[in-house]
Structures are given as structure tokens and as C-alpha cells.
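Working notes, beginning with the structure itself.
The values are calculated or read from the model by the stated rules, or taken from the named source; none is laboratory data. Quantities reported herein were computed from a predicted structural model and do not represent experimental measurements. Neighbour counts run over all protein chains shown; Cβ positions are idealised from the backbone, glycine included. Just the protein is used for accessible areas: all its heavy atoms, side chains included, with ligands, DNA and RNA removed. Shrake-Rupley method; radii C 1.70, N 1.55, O 1.52, S 1.80 Å.
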Amino acid sequence: QLQLVESGGGLVQPGGSLRLSCVASGLTSEYYAIGWFRQAPGKEREGVSCFVSSDGSTYYADSVKGRFTISRDNAKNTVYLQMNSLKPEDTAVYYCAVAVGIVVTTIDENDYDFWGQGTQVTVSS
């Protein structure tokens, strides 16, 4: 049914920027949340940002607030994560995920039903 494909990861220097994309195919629910999560080696997966379709509300973790921006293009069934002023601690595999039926922002992993394969982001000089 629903398929998520992330792209846009790569190697950047500290202070650089990347834009991640997540294409959602087969998403037919009117209400849903799309979240971005990341997992660094040896660390637990953490929620980074999310968008909810009900009213367009967004959420950002304190660690990325002011640097990352989540957005969507409904015509292309795509959600983006613009990452600016990247730091070495942003290095991780980034995943997008969909929570069906959710009407408020959430970064609780247990709320999410579908996950993409992940894309590697490496910030290093």
C-alpha cells in the first residue's frame, strides 16, 4: 500500500546545507502526520520534526529548531526537510515516517505506521 522513499542525503562540511525529500506513494488518508527521525551510531533514534495534514502544524526538536524546516508539496506527494547550518552532531541516518489518522503533531515512534529506508547524512570537515 503506502511506500515512502527518502533521498537527498550526502556528505557536507559543517555550516553547509542539505535538503532531504520523502515521496509518499499510496497515501490516501485525509489525516496523517509525516515525521523525520534520525539515528546516529550508538544512539537511540530521535524525532527531529513533523508535519500534520489537519491544519499544517509543525514541530521541531530543540536541537534543530531555527536550522531545519519541514515543508510539503501536495501536488508531488513529497515532504522536505531543509537542513541549514549543519553540525557534526547532525550526522545520522534520517528516516521519514507516516502516522495515519493523526491530527496533532507527534514524534512518538509508536504513533507511526510506515517508514522509509533512510538516507545517510554526514557532516564532517
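Data overview
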read-out	value
Selected residue (criterion: nearest to Gly15 (Cα to Cα)) from residues of region 88-104 that are surrounded by fewer than 20 Cβ atoms within 10 Å (Cβ to Cβ) and either modelled with pLDDT under 95 or not hydroxyl-bearing (Ser, Thr, Tyr) (or both)	Pro88
Count - residues of region 105-125 that are crowded, with 17+ Cβ neighbours inside 10 Å, among the hydroxyl-bearing types (Ser, Thr, Tyr) and out of contact with any Leu (no Cβ under 7 Å at 6 or more places or on another chain)	3
Residue list for region 56-87, filter: within 19 Å of Leu4 (Cβ to Cβ) and open to solvent by less than 40 Å² (accessible area, probe 1.4 Å)	Phe68, Ile70, Thr78, Val79, Tyr80, Leu81, Met83
Subset tally (residues that are small (Gly, Ala, Ser) and surrounded by 19 or more Cβ atoms within 10 Å (Cβ to Cβ)) for region 12-55	5
Complete set of residues in region 10-46 that are hydrophobic (A, V, I, L, M, F, W, C), closer than 18 Å to Asp113 by Cβ and not in a strand (DSSP E or B)	Leu27
Checklist (1) within 15 Å of Arg45 (Cβ to Cβ); (2) in contact with a Cys (Cβ under 7 Å, 6 or more places away or on another chain); (3) in a loop (DSSP other than H, G, I, E, B) applied to Gln117, failing item	(2)
Failed criterion for Ala75 (all others in (1) touching a strand residue (DSSP E or B) at 6+ places or on another chain (Cβ under 7 Å); (2) closer than 23 Å to Thr28 by Cβ hold)	(1)
